[in-house]
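Below is one structure, written out as structure tokens; the observations come after it.
The values are calculated or read from the model by the stated rules, or taken from the named source; none is laboratory data. Note that the structure is a prediction, hence the values are computed from the model and not measured. Cβ sites come from the backbone with ideal geometry, for glycine too, and all protein chains shown count toward neighbours.
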Amino acid sequence: GEQAIIATQMAYYGLINDQENLELATIEWQMELTDGGAPGNTLANEVSQQLSKLGPDAVELIGQYGNDIIPLLLKHKEVAVDIIGAYGDKGIALLTRYGNNAVDLITTYGTPAVDLMMNYGDDAIEVLSNNNLSPSEISYLSKLPGKASELSQDVQLKIGVDYKNSPMRMEYEGKVSDLAKQLNQMIQNNNGIITEADARVLSEARRNLGIEYKNMTPGPLRDYIYELNTIRYGDPLGPDWKYLMRKYDGNYLEIAEATAHPNKDINKFLSDFSDWLGLKDTEYLLEAELRVLRGE
């Protein structure tokens with residue numbers, strides 16, 4: 001009826017932030033309610049003209065989904081026609097809730113982004129906004145479990161739990177063992193004496209190995225290691241020279257020996273990784289899945 005037309009006009013002017021015409025439409029609405037007078041057709045004609053520019057598909061969609069989608073069509077135009085036409089009620093829900101964010105992301109990534117946003121809502125908006133995703137990556141993320149608890153288990157499964165026997169860890173421990181050989185050679189060459197310079201060389205070599213292999217570690221596990229190291233050593237990369245000097249009371253031989261031996265039980269050290277993942281929110285876990293997929 002007439003009131004529905006005026007309501008649509010009011011919604012339209014509200015969306016385009018036309019306060020002057022919004023006030024006029026509001027007055028017309030109030031007059032319609034109080035004295036039953038028939039409102040003018042100027043605003044209705046303007047709305048009709050805007051909708052007609054969207055073509056017959058827009059008219060068909062209005063017939064299918066009702067007048068409630070008119071404000072979405074007026075605001076988002078052809079993109080709204082495409083999204084609602086392709087995804088129906090899901091598309092309407094996305095446009096209603098996320099507005100321009102949904103439009104921008106779907107314009108960038110195409111309709112595959114709709115599934116991701118429908119599955120993960122605000123978290124998907126953040127992931128899509130903060131990453132340059134390929135269509136295959138969006139499809140991959142869209143098919144993941146919908147709950148954070150299931151996502152965390154999926155990330156853990158892909159990374160694994162036997163860290164010590166992973167090829168990368170075995171290679172790392174082999175290179176640390178080479179430092180032990182270097183230490184033995186230093187001891188032989190210096191009549192059993194390890195100087196500060198010797199200890200510093202080995203300490204720096206071990207730290208550099210740590211940096212190299214941490215950068216090769218799957219991103220979520222690397223985050224956890226950084227957090228553990230910060231708590232334990234005050235440094236995300238592990239013990240620095242000052243820490244080693246404090247712990248071993250300036251004994252250069254003990255410092256050198258410590259740097260030349262890997263952690264004996266890395267699996268125990270990382271045993272709470274699964275629990276740590278379980279505390280993460282969906283946005284982090286989607287990012288974690290992406291990093292594991294990319295090998296980052």
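Restricting the search to the stretch 244-266, which residues are surrounded by 15 or more Cβ atoms within 10 Å (Cβ to Cβ) and assigned to a helix (DSSP H, G or I)?
L244, M245, Y252, L253, E254, I255, A256, E257, A258, T259, I266 - these are the residues of the stretch 244-266 that are surrounded by 15 or more Cβ atoms within 10 Å (Cβ to Cβ) and assigned to a helix (DSSP H, G or I).
Only residues in the stretch 132-160 that are more than 23 Å from R222 (Cβ to Cβ) and of a type in the set (V, I, T) count as the first member; pair them with residues that are surrounded by 15 or more Cβ atoms within 10 Å (Cβ to Cβ) and modelled with pLDDT under 95, Cβ under 7 angstrom, at least 6 apart or cross-chain, and list the lot.
These pairs meet every condition: I138/Y109; I138/P112; I138/A113; I138/L116.
Within the stretch 198-214, can one find any residue that is small (G, A, S), surrounded by fewer than 18 Cβ atoms within 10 Å (Cβ to Cβ) and outside any helix (DSSP H, G or I)?
The answer is no; no qualifying residue exists.
What are the pairs, 6+ residues apart or on separate chains, where a residue within the stretch 174-188 that is closer than 11 Å to D198 by Cα and touching a residue at least 12 places away in the same chain (Cβ under 8 Å) has its Cβ under 6 Å from a residue that is among the aliphatic types (A, V, I, L, M) and outside any helix (DSSP H, G or I)?
Partner pairs satisfying both residue conditions: L183/A260.
For the stretch 155-174, does any single residue satisfy the condition of being surrounded by 15 or more Cβ atoms within 10 Å (Cβ to Cβ) and over 30 Å from D240 (Cα atoms)?
Looking through the stretch 155-174, at least one residue is surrounded by 15 or more Cβ atoms within 10 Å (Cβ to Cβ) and over 30 Å from D240 (Cα atoms).
Filter the stretch 144-154 down to residues that are part of a helix (DSSP H, G or I) and not hydroxyl-bearing (S, T, Y) and give me whichever is surrounded by the most Cβ atoms within 10 Å (Cβ to Cβ).
L151
For the stretch 75-122, which residues satisfy the criterion of being at positive phi and loosely packed, with under 14 Cβ neighbours inside 10 Å?
Of everything in the stretch 75-122, those that are at positive phi and loosely packed, with under 14 Cβ neighbours inside 10 Å turn out to be G88, G110.
Do any residues in the stretch 114-128 that are free of Cβ contacts under 8 Å to residues at least 24 places away in the same chain and within 17 Å of E289 (Cα to Cα) have Cβ atoms under 7 Å from those of residues that are crowded, with 24+ Cβ neighbours inside 10 Å and of a type in the set (V, I, T), where the two are at least six apart or on different chains, and which pairs are they?
none
With the condition kept exactly as written, say whether any residue in the stretch 131-143 is surrounded by 13 or more Cβ atoms within 10 Å (Cβ to Cβ), of a type in the set (F, W, Y) and not in a loop (DSSP other than H, G, I, E, B).
yes
Quickly run through the stretch 279-296 and pick out the residues that are buried (at least 17 other Cβ atoms within 10 Å of the Cβ) and under 12 Å from the mean Cα position of the chain (by Cα).
Of everything in the stretch 279-296, those that are buried (at least 17 other Cβ atoms within 10 Å of the Cβ) and under 12 Å from the mean Cα position of the chain (by Cα) turn out to be K280, T282, E283, Y284, L285, L286, E287, A288, E289, L290, R291.
Would the stretch 80-97 turn up any residue that is hydroxyl-bearing (S, T, Y) and at pLDDT below 90?
yes
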